[in-house]
Amino acid sequence: GGGGGNGRFAYGLRNGTVGVYAKTSRVWRVKSKHKVAAVQAFDIDADGAPELISGWGNGSLNARRTHNGEVVHKAALRQPVAALLRGNYRLDGQEELIVCCTNGEVRGYVPTEEQQAAAGLRA
């Protein structure tokens, strides 16, 4: 998984649990009936702190604050998520969140300021 620094690490389990630990102490966790397909740290709201992005077997994509698990953005994809990556997908020098679905669909998300992203993740 990804991390937010300060000895923290994020995890996603096949049983539908995602969460964050600070060294040996659990900071938060959430459980779902769906399977976690991938997790990645990415600053989706351009606030300077990476969120925990989780991609799910039902096509859900969630961004949560690493310090408390609060959902800051959601998206519903048509296919299950296969992988979450970070990279310069558009070759413009800006890192994006790259979401790969099981059917081969690939989407790139760029960090957006919070007020612009209030409606959710932008493609």
### Message
Would you confirm whether or not the range 21-36 contains a residue that is within 28 Å of Gly104 (Cβ to Cβ) and either under 10 Å from the mean Cα position of the chain (by Cα) or not in a loop (DSSP other than H, G, I, E, B) (or both)?
### Response
yes
### Task
Determine if the range 25-36 includes at least one residue that is at pLDDT below 95, surrounded by fewer than 19 Cβ atoms within 10 Å (Cβ to Cβ) and either β-branched (Val, Ile, Thr) or closer than 26 Å to Asn6 by Cα (or both).
no
#### Entry: Residues satisfying the stated conditions in the range 98-118, i.e. of a type outside the set (Lys, Arg) and in a strand (DSSP E or B)
Ile98, Val99, Cys100, Cys101, Val106, Gly108, Tyr109
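Here is a yes/no grid of residues against (1) at pLDDT 95 or above; (2) surrounded by fewer than 21 Cβ atoms within 10 Å (Cβ to Cβ); (3) of a type in the set (S, T, N, Q); (4) closer than 20 Å to Ile98 by Cβ:
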| residue | (1), (2), (3), (4) |
| --- | --- |
| Gly3 | no, yes, no, yes |
| Arg8 | no, yes, no, no |
| Asp45 | no, no, no, yes |
| Glu51 | yes, no, no, yes |
| Arg65 | yes, yes, no, no |
| Asn68 | yes, yes, yes, no |
| His73 | no, no, no, yes |
| Gln79 | yes, yes, yes, yes |
### Task
Being without any contact (Cβ under 8 Å) to a residue 12 or more places away in the chain and not charged (D, E, K, R) is the filter; apply it to the range 64-105 and report the residue that is farthest from Ala10 (Cα to Cα).
Leu91
### Message
Looking only at residues that are part of a strand (DSSP E or B) and in contact with a Lys or Arg (Cβ under 9 Å, 6 or more places away or on another chain) in the range 74-97, which one is nearest to Glu51 (Cα to Cα)?
### Response
Leu97
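The values are calculated or read from the model by the stated rules, or taken from the named source; none is laboratory data. Just so you know, these numbers come straight off a predicted model, no measurement behind them. All Cβ positions, even for glycine, are placed from backbone atoms using ideal geometry, and neighbour counts span all protein chains on display.
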